[in-house]
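Written below as structure tokens is the structure these notes are about.
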Amino acid sequence: ALPLRGWWGSNIYRSSRALSARSAWNGLPLWTYNYTGKAYQFLDSNVNTYQKGYWMVAYSNRVFTLQDDQVVALDAANGQMAQTYCQVASTNITFGKLLCQDNSLIVANPTSVRAFDITTGQMSWTMAASGCKEVIGGGGRVFIREGEKVRSVDLATGTQQWSVDASLWSNGDINNRVGLICKQDRLLVVTSVGSTSIVHSVSVQNPSNVWH
């Protein structure tokens, strides 16, 4: 199981069949939420553990995960359904990620990236993606990796701010296990050439401003 810090001193654990919450203080069980229907397709042994962890995220007093093929929010205090969001097509199980930032929920899969207001469940914006492999957030932006291309998108509006190919920074390919990390006003991009990995620190405002 993958532990996730929840609300008010609880730890959330996910197996292929359920989420369970235990007290961070004494380990006593608090609640259990059972997955149903197509959710198994996203969480079974055919998807590696690294990808499985993408389908669960805690933010404020909510835990976001799947119910059947729909993204939902659970009340972290009792495991009850608090909000529903979009459906995720079962053809997109090769990659998927839930990301929370500044009261927005980002739902990513290989063909699209969508943003929702966490409180109301209303979609703020959507954009097509071509082979999306990673999505991270930071500084009011969403960074989307499509193959060897990286895009910066405004979190509030979905407006693209820039798009560059990783070849701008390196002759290698973006490392699939590390990929992108956002820290303050820098985007860290890890590329690999053979067995050698290189970390590039890129300005989130200007991707040509980089050091290695």
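So if the hydrodynamic radius of segment 78-165 is defined as the Kirkwood radius over C-alpha pairs, what does Stokes-Einstein give as its diffusion coefficient at 25 °C and 0.890 mPa s, in µm² per second? Kindly include the intermediate steps, with their values, before the conclusion.
Numbers: Rh = 13.3 Å.
The Stokes-Einstein estimate is 185 µm²/s.
With a 10 Å radius around each residue's Cβ, average the other Cβ atoms per peptide and rank 109-116, 124-131, 199-206, 150-157, highest first. Working shown, then result.
On the way: 109-116: 20.0, 124-131: 14.4, 199-206: 15.9, 150-157: 18.5.
Packing proxy ranking, top to bottom: 109-116, 150-157, 199-206, 124-131.
Go ahead and run the numbers for FRET between Leu168 and Thr126, Cβ-Cβ distance against an R0 of 22 Å, rounding to 0.05. Please report the intermediate quantities before stating the final value.
Details: r = 27 Å, r/R0 = 1.23.
In this case the efficiency is close to 0.25.
Once the piece of chain linking Glu148 and Thr119 is laid out straight, how much longer is it, given 0.36 nm per residue of separation minus the C-alpha distance between them? Show your work: numbers first, answer last.
On the way: separation 29, 0.36 × 29 = 10.44 nm, distance 3.39 nm.
Difference between extended and current length: 7.0 nm.
Which aspartates and glutamates, on any chain, are close to Lys149 with Cα under 19 Å apart, when same-chain ones fewer than 8 places away are left out?
Lys149 reaches Glu134, Asp165, Asp173.
Once the whole set of protein chains is in place, how much accessible area is left on Asp173, using a 1.4 Å probe, in Å² to the nearest 10?
Its heavy atoms expose roughly 90 Å² to the probe.
Taking every pair of alpha-carbon atoms in segment 115-191, give the share separated by more than 17 Å as a whole percent. Please report the intermediate quantities before stating the final value.
Working: 1314 of 2926 pairs.
Cα-Cα pairs of segment 115-191 separated by over 17 Å account for 45 percent.
The values are calculated or read from the model by the stated rules, or taken from the named source; none is laboratory data. Only a predicted model underlies this, so the values are computations on that prediction, with no experimental measurement involved. Reconstructed Cβ throughout: ideal geometry from the backbone, glycine too, with neighbour counts over all protein chains shown. The accessibility values were calculated without ligands, DNA or RNA, using every heavy atom of the protein model including side chains. Shrake-Rupley method; radii C 1.70, N 1.55, O 1.52, S 1.80 Å.
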